[in-house]
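These notes concern the structure reproduced below.
The values are calculated or read from the model by the stated rules, or taken from the named source; none is laboratory data. If you're wondering where the values come from, they're calculated on a predicted model, not measured in any experiment. Here the Cβ positions follow ideal geometry from the backbone for every residue, glycine too, while neighbour counts run over all protein chains shown.
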Amino acid sequence: MEWETVIGLEIHTQLATKSKIFSGASTAYGAAPNTQACAVDLGLPGVLPVLNEEAVHKAVIFGMAIEAEISHYSVFARKNYFYPDLPKGYQISQMELPIVGPGHLDIEVDGVSKRIGITRAHLEEDAGKSLHEDFHGLTGVDLNRAGTPLLEIVSEPHMRSAKEAVAYMRKLHELVRYLDICDGNMQEGSFRCDANVSVRPKGQKEFGTRAEIKNINSFKFVEKAINHEIERQIELIETGGKVVQETRLYDSVKDETRSMRSKEEANDYRYFPDPDLLPVFISEDYKQQVKAQLPELPQAKKYRFNEQYALDDENANILTSSRQLADYFETVLKESGCEAKLCANWITGELSAALNKARLEIMESPVSHERLAGLLARISDNTISGKIAKQVFEEMWRSPATADEIIAERGLKQITDTGAIEAIIDKIIADNPGQVEQYRSGKDKVFGFFVGQVMKEMQGKANPGEVNKMLQAKLKQ
Amino acid sequence: MSLTTDEVKKIAHLARLGIDEQDVESYARDLSGMLDLMARMSELNTEGVDPMAHPMDQVQRLRADVVTEQDNREKFQAIAPQVEAGLYLVPKVIE
């Protein structure tokens, strides 16, 4: 039988605020355990949560960016369950009236564009961390993370393959970083994903029973975990079994998912409006203000790069994958005065390769935009060839010198003295009568041999265009 | 609407409340009475009435995103039953 996969994702993004969603404790990552957990975060009696305006602001920014309805009136609710990293016995979340209503995000898989619906996004508080290493048979609890603002973004079950799910997750990751609402650091848990996966016979309208895979925290694992889960469900059904609704954990070491708890018991959260918090009101003016301040979004930037700079999709996609990279490109372009294609190729080529190798982000690039612009300008005005430029770039990566300094110091300037080039061409023609004969009898391929010889003799410092022109003229004599 | 004794036990379990077996019957009766009252209220026509999220007719005041809390770990941990290496210790929980 042919099966169809149905996937919906719930993504938790930690909002990049300085203080917690309901208290004035710091959200900075990596502090000593419990040094950033105040009375509110600990759930001590008598405390009152007060909502952080920046958490609301960031949620509205996100809503605007996905063209969602922003609820002018939203309500916090208590989600009740017991776990030691949640000291109050409930998580403050939103149920009936979330801050962000239906919106959408467009993804691209294998060149085909697809619109993924976003059901809602709601504000809530993060829980602390339980450490299960052995503390004499006890569990250790660190509540520094408790109360960190989260925006939980829930998609519609619109994805039909693990590939689409990864594309959606990447797109969302790119977007929250563009908007500067989340640092996107997956190792530190700033961006976490749960996947709802089910299968159904192709053509069937009703959804199959779904399993939820929890906390898959890298793009690679999301794809593997979902594919594994699809296989598990199909095999189960085809051998006469039934999928049960449950939460499963992905084990990246064994590459398998295993049952964590069945939904019936865990899902009885008994939500009710939190009497400690009043409804949040968002005015039309406020929404318009936020909208006016939105940065250019990745998709729009990509189309602009296509149009304005005549870049192909591949270059435009890479350059707009982060705001910083796009800014770097546009700065180099402006400072060098070179063609957009030359700048794009160098940034997505040499520079990206070097950054990847050194595991650096564009902001950490040892070659600043000024220095790269200086190098590209010298290619553009024929001072050096592209080949020599690669040598100069390697040197620039290691030293703080400018391209001009390196070119001068190492004598890499292209030889434009046609007399010098002519002398070498004459010598090579004289030294290789056999090849000259071949060329003249119509073997055009031999031409490359002559170019190579001349360039070798000149240590790459001749302008290839000039060499070609002069060689052709000489060989025809 | 009437709650069964099993439902009462389930609710108690979810809320982590210890209740005596002999009291289950009377809890079921009392809680059923409350639910009946709500059922009666549900009969009212509330068309055009906005659902009430809070008895106070006000909206939430927001605080500026500023760190105002100091590290008071020592004071908090002085009243905790058991701590080690800065962590609060609790009976082992394994997923």
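So the values come out like this:
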{"quantity": "Cβ pairs under 9 Å, 6+ apart, first in region A:450-463 and buried (at least 17 other Cβ atoms within 10 Å of the Cβ), second aromatic (Phe, Trp, Tyr)", "calculated": "A:PHE450/A:TYR439"}
{"quantity": "Any pair with Cβ under 6 angstrom, 6 or more apart, that starts in region B:16-36 at a residue that is away from every other protein chain (no Cβ under 14 Å) and ends at one that is part of a helix (DSSP H, G or I)", "calculated": "B:ILE19/B:ALA12; B:VAL24/B:THR5; B:VAL24/B:VAL8; B:TYR27/B:VAL8; B:ALA28/B:THR5; B:ALA28/B:VAL8"}
{"quantity": "Selection count, region B:18-54, where residues are in contact with a helix residue (DSSP H, G or I) (Cβ under 8 Å, 6 or more places away or on another chain) and surrounded by fewer than 10 Cβ atoms within 10 Å (Cβ to Cβ)", "calculated": "1"}
{"quantity": "Residue list for region A:185-203, restricted to those being within 17 Å of A:MET159 (Cβ to Cβ) and not in a strand (DSSP E or B)", "calculated": "A:LYS202"}
{"quantity": "Residue tally, condition in contact with a Lys or Arg (Cβ under 6 Å, 6 or more places away or on another chain) and either more than 14 Å from chain B (Cβ to nearest Cβ) or surrounded by fewer than 15 Cβ atoms within 10 Å (Cβ to Cβ) (or both), over region A:102-136", "calculated": "6"}
{"quantity": "Residue in region A:130-150 that is under 20 Å from the mean Cα position of the chain (by Cα) and assigned by TED's automatic domain parsing to the domain that holds A:TYR271 present", "calculated": "yes"}
{"quantity": "Single residue of region A:1-29 satisfying the filter (in contact (Cβ under 8 Å) with a residue 60 or more places away in the chain, of a type outside the set (Ser, Thr, Tyr) and more than 30 Å from A:GLN233 (Cβ to Cβ)) that is farthest from the other protein chains (Cβ to nearest Cβ)", "calculated": "A:GLN14"}
{"quantity": "From the options A:GLN299, A:GLN324, residue that is touching a strand residue (DSSP E or B) at 6+ places or on another chain (Cβ under 7 Å), surrounded by 14 or more Cβ atoms within 10 Å (Cβ to Cβ), closer than 22 Å to A:ASP180 by Cβ and not aliphatic (A, V, I, L, M)", "calculated": "A:GLN299"}
{"quantity": "Qualifying helices (runs of 4 or more DSSP H) (wholly inside region A:398-440; at least 1 residues being in contact with a strand residue (DSSP E or B) (Cβ under 8 Å, 6 or more places away or on another chain))", "calculated": "A:418-431"}
{"quantity": "Residue among B:ASP50, B:ASP65 that alone is more than 24 Å from the chain's Cα centre (by Cα), within 14 Å of chain A (Cβ to nearest Cβ) and under 24 Å from A:ILE21 (Cβ atoms)", "calculated": "B:ASP65"}
{"quantity": "Subset of region A:58-100 [touching a helix residue (DSSP H, G or I) at 6+ places or on another chain (Cβ under 6 Å), part of a loop (DSSP other than H, G, I, E, B) and away from chain B (no Cβ under 11 Å)]", "calculated": "A:ILE99"}
{"quantity": "Test result for A:LEU131, within 27 Å of A:ALA31 (Cβ to Cβ) and not in a loop (DSSP other than H, G, I, E, B)", "calculated": "yes"}
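Rundown of residues vs (1) in contact with a Cys (Cβ under 6 Å, 6 or more places away or on another chain); (2) surrounded by 15 or more Cβ atoms within 10 Å (Cβ to Cβ); (3) of a type in the set (Ser, Thr, Tyr); (4) at pLDDT below 95, yes/no style:
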residue: A:ILE181; (1), (2), (3), (4): no, yes, no, no
residue: A:GLY184; (1), (2), (3), (4): no, yes, no, yes
residue: A:GLY189; (1), (2), (3), (4): no, yes, no, yes
residue: A:ASN196; (1), (2), (3), (4): no, yes, no, no
residue: A:GLN204; (1), (2), (3), (4): no, no, no, yes
residue: A:ARG210; (1), (2), (3), (4): no, yes, no, yes
residue: A:GLU223; (1), (2), (3), (4): no, yes, no, yes
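Yes/no matrix, rows are residues, columns are (1) free of Cβ contacts under 8 Å to residues at least 60 places away in the same chain; (2) touching a Lys or Arg at 6+ places or on another chain (Cβ under 8 Å):
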position: A:ILE226; (1), (2): no, no
position: A:GLU235; (1), (2): yes, no
position: A:GLY240; (1), (2): yes, no
position: A:VAL243; (1), (2): yes, yes
position: A:THR247; (1), (2): yes, yes
position: A:ASP251; (1), (2): yes, yes
position: A:MET260; (1), (2): yes, yes
